[in-house]
Amino acid sequence: MRRVLVTHVESAVGRRVVKALFHDPEVALVLALGTEAEPTYLAPYRGKVAYQRLDLAKARHLQSFWHSERFARARPDSVIHLPFAGDAPGERVPGGVPSLVSETRRLVEECVEKPGIERFVYLSSVFVYDPEPGNGNVVSEGQLLGFDGEGDPRVRAWIDADLVCQGELHGSGLVMTILRAATIVTEAGEFLNSPPLARRELAVGYDPMLSVISDRDVARALVLALHADRPGIYNIAGNEVFPRSQLWSGKRRLAGLPLPSPLGEALAFAERLFARGPAPGESFERYGIVPSPRLAHEALGFEPQYRIEVRSAGGRRRVDTVRCR
Amino acid sequence: MSHDELGGSEGPALGHDPFSQGDGTLPYLIRLRERSVRRIAQARAPASARAEPEPLPQDAPDLGPPVPELPSFDDRDESAGALDRLASWLLTGADEERLAQIAAPLGGRLYDDFGMSPRVARRALAVFKLIYKYWFRVSSSGHAAIPEKEGALLAANHGGLLPFDATMIVCDAILAARPPRLVRTVVDRWAGTLPFVNVFYARVGQVIGTRDNVRELLRLKQLVLVFPEGMAGIKKRAAERYVLQPFHLGFVEESLRHRVPIIPVAVVGADDQAPVLWDLQPLAKLLGLPFFPITPTFPLLGPLGLLPYPVHYEIAYGEPFRFYDEFPPESVEDPHAVRYMAEQVRRRIQEMVDERVLARRAKRR
C-alpha cells in the first residue's frame, strides 16, 4: 500500500491525481500539498486525503514541514511532483518561474536524503525538447533538450527542473520517473504546458502540429508510473494531433509597422523566407513536436483513454475532451 | 486519532483527517455509485423514453427563434470546399476507393502524427494525377516488389530541380500499386524551414528526415521513400545526368535495425526535367539556400523557369534487398559492412537506370 505525497494539488492535473489516488485501492493515504487554502473539491475525499498548506518555494517552510510530527505520522513513501501542472499559457506564476525550479531542486534533495521515500514521479513537458525544423516531427525520449539561452524563460525553467530530476535517475536510491506530457487539455477546454499557445499570433507559412492529452490521461499516467516502479523518462501523449491554427486562431502582426494588412503579411513572409532560422523563442511557433509515447506504453502500460475533439463556437474554438472507452 | 494529534497546528485547513477511525467515506461512495448508476440508465434509455423538458408556461416571454447549432470545423470546411468539388470532378470512383483505403488506418482522425491530412492529400492527388498522366506521361513497372501491408524502404535516384520524382513515385504507388500504398517521402530538413512548403509537405504525408520520424514510420509498417544521394542528386549538373552520386548510409542502418527490405527504385526522366547548367554558390550562400541553379529557363523566365519540361517519366521497382537475412542488427556498428550494402543498392539502381536510358537512346535512333 502506497502513501503518496502530491504537490500543487490546486492545479487541474493535481485535482485529477488526487481523485485517481483516492479511488486507487493500492493507495492508503494521500498527503496533498498546496499553496492556498484547502480547495473545496477535497471535501468528499477527506477519508483518505489530508491537506497541507505549504509554500514549497520557501526553503524554511519545506524544512519545517519535512521535520514535523505530521509528516512523520503520514510516512509518505512516494512523491508526485507537479510544479508546472497548472501552467496555463500567458499566466503569471507567483514568485516567477525560477522559483518552481528551486522548489523542485529542494524537494528532490530532501527526498533523496529521507530514508522512507522510495519513489519520485515528476511531471515535465515535451516542450523541453529542441524542436527540429518541420511541421510535426515525432520525438522519442532520446531527443536533445532545447538549451536555448534566449528562449522562453518558462521553457528554460522546465528544462532546468527536468535536468534536476534527471540527475537523480541513477545511483540515488530513489526510483525517479519523469513523464514528459504533450499539451494538456482540461475538461474546461483550457490548455496547459504549451508555449506555442501562449502567443496569439501565427507565424506566416507555418502551422506546427501539436500533440494533446487529456488531464485525466495525465493523471492516469502518473498513477501508473507510481505503481510501475520503472525509473526513466517517458513521453506521454493522447491519440490526437492538431495543427496549432485549429487550437488557437490568430493573425500574425508586425509590431511597430502601421502597414496595410496585405503588405504586412507580405513583409512577414519575406522576413521568414530569407531568415536563416527562427527568432529566439519562436521555434515552437514554427516547428511541431509530436512525442512518441511508445516507451510509456511498453514500460508503464499507458494507453490514452480520452479523445479530444475541437469544435467551433461562435467564432471561438472550443475543445472538448470525450471519453473514448 | 484526530487530526490534532497529527500535528494539525502546523498547517491550517486540515479538515477531517484520514488517520481518524470511522470516516465518512462509505456513505459518500454509496451516493457516488447510485449517481453513476442513474446516469448510465439515463444515457442508455431511448430518446423517446427520456424525460420531456418542462413545457414553458403559457405566459412565457417570447424568446425568439432557437439558436442554430454551431458548425463544427469539418462542416465549415466542407461548405467552403471548392477544391473538394474540383477534386470530386477530377478523381474517378476507383481513385476515391484507393484514397479511402489509404485513409482507413487513421480511423476517422483528421490528421496523423506527422500532420498528414487525408482531405488535403485527396485535393493534391487530383491535381498531381493530371501531371502524372498528361505532363510526365508516367509509365511504371515492377509493382510486385511493393509489399501489400509490410513496411519497406524505397531507395531511389534523385534528379531535377524540384522534387517531382518523389511526387510521381507517391502518385504511382497510389494509382498503380495493388493494393494502393501511401509512400512517405523523407525530405531534407531544410524543407522544414520553408514557410508554406513545410505545411504542404506534411499535409500530403511527407516527413522531415529525422531518425525518430523514420523509425516511427517503419514501426508503423509504412513505405518510406529515401533519396540516398541527398541534395547532391538534385544539384548535379546536366553533364552528370543519370550518374548516381555517393549514397548516404542511414537507410541501410534503419533497414537492418527494423528488418525491412530495401526496394531499389529507378526513375528516368527526372534528370531531364530541368537540367542544371551551373550552381551559383555565392548567391546561394547570401540567400541561405543550399544551391542556386542556373538552367536554360531559370532565372531567365523568373519563377516560371522552375517549371519542369514535359519529359516522359519511367519508374521501375526492383527486387528487394533483404540484408537483414545475412547480416545481424549489430552490423550497423560496422561502417565497412554498411557501406558495402549501400554500394550494392547504388549499383543496382544505376544498372536499372542505365538499362532504361540506353533503351530510350536506341528508340530515338
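Laboratory data are not the source of any read-out in this text; all were calculated from the coordinates shown. Just so it is clear, the structure is predicted and the values come from calculations on it, not from any experiment. No Cβ is skipped: glycine too gets one built from the backbone with ideal geometry, and neighbour counts run over all protein chains shown.
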Between A:ARG3 and A:ALA188, how high is the FRET efficiency from 1/(1 + (r/R0)^6) when r is the Cβ-Cβ distance and R₀ = 45 Å? Nearest 0.05.
0.90
With labels modelled as points extended 7 Å from the Cα through the Cβ direction, what inter-label distance (nm, one decimal) is found for B:LEU90 paired with B:ARG360?
2.5
Qualifying chymotrypsin sites (Phe, Trp or Tyr not before Pro) for the range B:142-198 [loop in DSSP, other Cβ within 10 Å: at most 10]
none
Rank these for me by crowding, B:PHE247, B:PHE327, B:PHE200, A:PHE84, going from fewest to most other beta carbons within 10 Å.
B:PHE200, B:PHE327, B:PHE247, A:PHE84
Expressed in nanometres to one decimal, the distance between label points 7 Å along Cα→Cβ at B:ARG241 and B:GLU330 is 4.8
With θ set to phi - 60°, apply the Karplus curve 6.51 cos²θ - 1.76 cosθ + 1.60 along the range B:221-236 and write out the HN-Hα couplings as whole Hz, x wherever there is a Gly or Pro.
6, 9, 8, 10, 9, 10, 10, x, 6, x, 4, 4, x, 8, 9, 5
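Which order results if A:THR35, A:THR104 are arranged by neighbouring Cβ count within 10 Å, fewest first?
The most exposed by this proxy come first: A:THR35, A:THR104.
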Rounded to a whole number, the mean other protein chain Cβ count within 10 angstrom for residues of A:42-53 is 6
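Give the order of A:ASP148, B:ASP112, A:ASP215 when sorted by the count of other beta carbons within 10 angstrom, beginning with the fewest.
Arranged by neighbour count, lowest to highest, A:ASP148, B:ASP112, A:ASP215 become A:ASP148, B:ASP112, A:ASP215.
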For the residue pair B:LEU280 and B:TYR340, what label-to-label distance in nm results when each label sits 7 Å from Cα along the Cα-to-beta-carbon direction?
4.7
In the structure displayed, which of B:LYS236/B:LYS285; B:LYS235/B:LYS363; A:LYS19/A:LYS58 lie more than 23 Å apart, Cα to Cα?
B:LYS235/B:LYS363; A:LYS19/A:LYS58
What is the gain in length, in nm to one decimal, between A:LYS114 and A:ALA37 on full extension, counting 0.36 nm per residue of separation less the C-alpha to C-alpha distance?
25.0 nm
For the range B:270-365, max minus min Cα coordinate along each principal axis, in Å, sorted largest first?
52, 43, 16
Assuming 0.36 nm per residue, please report the length gained on full extension of the stretch B:ASP188 to B:ILE294 beyond their Cα-Cα distance.
36.1 nm
Starting from the Cα of B:LYS129, draw a straight line to each of the lysines and keep only those under 24 Å, dropping any in the same chain fewer than 8 residues away.
B:LYS149
To the nearest 0.05, the calculated FRET efficiency linking A:GLU69 and A:GLU309 through their beta-carbon distance, R0 being 45 Å, is 0.40
